[in-house]
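A.B. asks: Quick one: structure below, then a few questions.
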Amino acid sequence: MGRLRAPTREQAAVIRLDHGPARVLAGAGSGKTFTMTELVSYRVGEHLRRLGGTAPERILALTFTVKAADEMRSRLGEQALKLTVANFHSYALQIVRENAAMLGVEPDAPVLRRGRAWLMVLDELAARDLALRRLDLSDPAGAADKVLTLLSQAKNDLVDLRTRGAEPKKICPVQIRTGSSGSSRNVST
C-alpha cells in the first residue's frame, strides 16, 4: 500500500503500537481513517514478515461511517480481504442477524430507521384508541419527535416498556448500599 502522506507525530505513535487493541478518537477531518488504515497495514505487514504483528483475520476495524469503512478497504487493497472492516451499525446488525434465534428476532427483520419510526409514531398518534392522550397534538411532528426522544431515552436507561399501564421498570436496577449494616435497596435513576 502506498502512503498518501507522512503521518503526524501523534498518528505515527498510534501506527507503531506493537500489541493489543487500539482505539483512535479524534475530531472530524483529523485523519482517523488514515491512522487506522496505516495501523492495520503496519500490523499485518509485521505479521507477514514474521516480526509479531497481527494476523489479518484477527483484526476488527470499526468506523463510524460507511464511507470511512469503504475508504479503509480501498486503501488496504488485498489486505482487506482477510480482515473485518465495517461501520459500527452494519457490524452490530451482522451480530444481531447471526444470533437472531437466540435474541428472539427474525434474521431478516428490517432495520427501523428514524424516518420510518417517525411515520409509525404519527400513525399511532392518529389512532382513535390512543394511549398517549396527554400529548399536545396541535403539532403532530413535534409530538412524534417527543415520543421518539422518550423511547430513545428509555432504551438508553434500560427501561422495560413491555409493562403496559404500569410504571416502567428498570431492566438493570441500581443497588445502593446504605448504613454500616450493608443493607441495600434498589433505586431507579
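The values are calculated or read from the model by the stated rules, or taken from the named source; none is laboratory data. Bear in mind the structure is a predicted one, so any value in this text is a computation, not a measurement. Note that each Cβ is placed from the backbone with ideal geometry, even for glycine, and that neighbours are counted across all protein chains shown.
A.B. asks: Of everything in the stretch 3-30, what is among the small types (Gly, Ala, Ser) and either out of contact with any Leu (no Cβ under 9 Å at 6 or more places or on another chain) or buried (at least 19 other Cβ atoms within 10 Å of the Cβ) (or both)? Give them in sequence order.
C.D. replies: Answer for the stretch 3-30, where residues must be among the small types (Gly, Ala, Ser) and either out of contact with any Leu (no Cβ under 9 Å at 6 or more places or on another chain) or buried (at least 19 other Cβ atoms within 10 Å of the Cβ) (or both): Ala6, Ala12, Ala13, Gly20, Ala26, Gly27, Ala28, Gly29, Ser30.
A.B. asks: OK, next. Does the stretch 117-135 include one or more residues that are closer than 30 Å to Leu62 by Cα and either at pLDDT 75 or above or surrounded by 11 or more Cβ atoms within 10 Å (Cβ to Cβ) (or both)?
C.D. replies: yes
A.B. asks: Moving on to the next point. Given the condition out of contact with any strand residue (DSSP E or B) (no Cβ under 9 Å at 6 or more places or on another chain), at pLDDT 85 or above and outside any helix (DSSP H, G or I), answer yes or no: does some residue in the stretch 73-88 qualify?
C.D. replies: yes
A.B. asks: Return the pairs, sorted by first residue and then second, in which the second residue is hydrophobic (A, V, I, L, M, F, W, C) and in a loop (DSSP other than H, G, I, E, B), the first residue lies in the stretch 12-29 and is free of Cβ contacts under 8 Å to residues at least 60 places away in the same chain, the beta carbons are less than 7 Å apart, and the residues are 6+ apart or on different chains.
C.D. replies: Val14/Ala22; Val14/Val24
A.B. asks: Count, please, the residues in the stretch 6-30 that happen to be of a type outside the set (Ser, Thr, Tyr) and either assigned to a loop (DSSP other than H, G, I, E, B) or within 22 Å of the chain's Cα centre (by Cα) (or both).
C.D. replies: Counting residues in the stretch 6-30 that are of a type outside the set (Ser, Thr, Tyr) and either assigned to a loop (DSSP other than H, G, I, E, B) or within 22 Å of the chain's Cα centre (by Cα) (or both) gives 16.
A.B. asks: Also, I was wondering about something else. Can we say Thr33 is surrounded by 14 or more Cβ atoms within 10 Å (Cβ to Cβ), touching an Asp or Glu at 6+ places or on another chain (Cβ under 6 Å), touching a residue at least 12 places away in the same chain (Cβ under 8 Å) and not in a loop (DSSP other than H, G, I, E, B)?
C.D. replies: yes
A.B. asks: Would you confirm whether or not the stretch 43-54 contains a residue that is more than 18 Å from the chain's Cα centre (by Cα), part of a loop (DSSP other than H, G, I, E, B) and surrounded by 12 or more Cβ atoms within 10 Å (Cβ to Cβ)?
C.D. replies: So far as the stretch 43-54 goes, yes, one or more of its residues are more than 18 Å from the chain's Cα centre (by Cα), part of a loop (DSSP other than H, G, I, E, B) and surrounded by 12 or more Cβ atoms within 10 Å (Cβ to Cβ).
A.B. asks: Going through the stretch 1-31 one residue at a time, which ones are farther than 25 Å from Leu51 by Cα and modelled with pLDDT of 80 or more?
C.D. replies: Ala26, Gly27, Ala28, Gly29, Ser30, Gly31
A.B. asks: Given the structure, is Met102 exposed (fewer than 14 other Cβ atoms within 10 Å of the Cβ), within 25 Å of the chain's Cα centre (by Cα) and outside any loop (DSSP other than H, G, I, E, B)?
C.D. replies: yes
A.B. asks: Criterion first (in the same structural domain as Ala86 (by TED's automatic domain parsing) and either among the hydroxyl-bearing types (Ser, Thr, Tyr) or touching a Leu at 6+ places or on another chain (Cβ under 9 Å) (or both)) does Ala68 satisfy it?
C.D. replies: It is false that Ala68 is in the same structural domain as Ala86 (by TED's automatic domain parsing) and either among the hydroxyl-bearing types (Ser, Thr, Tyr) or touching a Leu at 6+ places or on another chain (Cβ under 9 Å) (or both).
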